[in-house]
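Only one structure is covered here, and it is reproduced in the block below.
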Amino acid sequence: MAVQYRASKYLEGIGDTGIGTDNHFGEVNLQEVQKVCNTMVSDICRVYGCDDPEKLVPEALIKNNVVKAQMAEWLFTAIDLLNHCCLPLMSSARKTIENLQEEKICDQGTVIELQKKLISKKDEELGLVSQTVQKELKTYSSALQQSCSTALSPKNIASAVKTITKEEDRTKEVVVFGVEEETDECVTTKVSSILEQLDEKPRITGCRRIGQRATGESKKRPIIFSVKSTDIVYQILRKSKRLKDIEGYKTVYISPNRTQEERISRQKLVNELKAKRLSDPSGRYFIRKGEIVKADN
């Protein structure tokens, strides 16, 4: 029910409806009440000659020149605003807060139920996954046992060890092309002489010509030699490009000991490199990390 106001010059601006209707207190109502309060406080300060409402303490309000009628109107207006605006609004706010708290408790219960359903669903899915994994593991274990019985035979193990050892030895070997071949030659001495041109004096653990030489053939068979570590091989290969600028060694070429597949792949790259250089004579092409690269000008 809307609040009905009695006569007061301060309360004339406040309408008869709005405040208190259906527990509604809108922005317009707030502005009207603020206007009444500001007007009344301004009049009180003017009458008492006070520039700050905070100074309107009881001791300052005792003035003989202020008529009782004026004091009564101020008091009536303050009581009216308190009873018909402030207190109803506080009561309404309390009810609203209680309703919100109840809604919050209800929502929390709903969230808890949803969480329980979600956990139950996840447990169900995990159970299905666990069953599937166990089934697959059994199948894999059975297949693995069958394959291991063959793969781990003594013959296969010996073959694997031999392959690994051979591959490891290959990484410590270097092949030299273009070295003159002579009767009763010492290939180790020839290799040492080449390496000295590169400022390398490694210990050579094995050195020989590879391939069969036919009678009367002038072809220079490659020389393969071994060193103690792959680091030494890397140093030799890194410096081998210097030979093309050294008199007497310009036709000598050094490369790692590649497998058959690696040699085929390397030859393919070399052929592609030659084609690139023919089609683009002004460009500088070279092989780096298994790819043909063009140098920046």
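Taken together, the values in this text are just the output of simple stated rules run on the coordinates, not laboratory data. Please read these numbers as outputs of a predicted model, since none were measured by experiment. Reconstructed Cβ throughout: ideal geometry from the backbone, glycine too, with neighbour counts over all protein chains shown.
Determine which lysines satisfy two conditions relative to LYS190: a Cα distance under 27 Å, and not lying fewer than 8 residues away in the same chain.
Excluding near neighbours in sequence, the set is LYS166, LYS172, LYS201, LYS219, LYS220, LYS228, LYS239, LYS241, LYS244, LYS250.
On a C-alpha basis, how far is the centre of the stretch 221-262 from the centre of the stretch 47-118 in Å? Whole number, if you could?
96 Å
Give, to the nearest whole percent, the P(r) tail of the stretch 209-297 beyond 19 angstrom, counting all Cα pairs.
I get 59 percent for the Cα pairs in the stretch 209-297 exceeding 19 Å.
So, R0 is 51 Å and r is the distance between the beta-carbons of ASN38 and ILE105; what FRET efficiency does that work out to, to 0.05? Could you put the intermediate results ahead of the total?
Values: r = 41 Å, r/R0 = 0.80.
E(calc), rounded to 0.05, equals 0.80.
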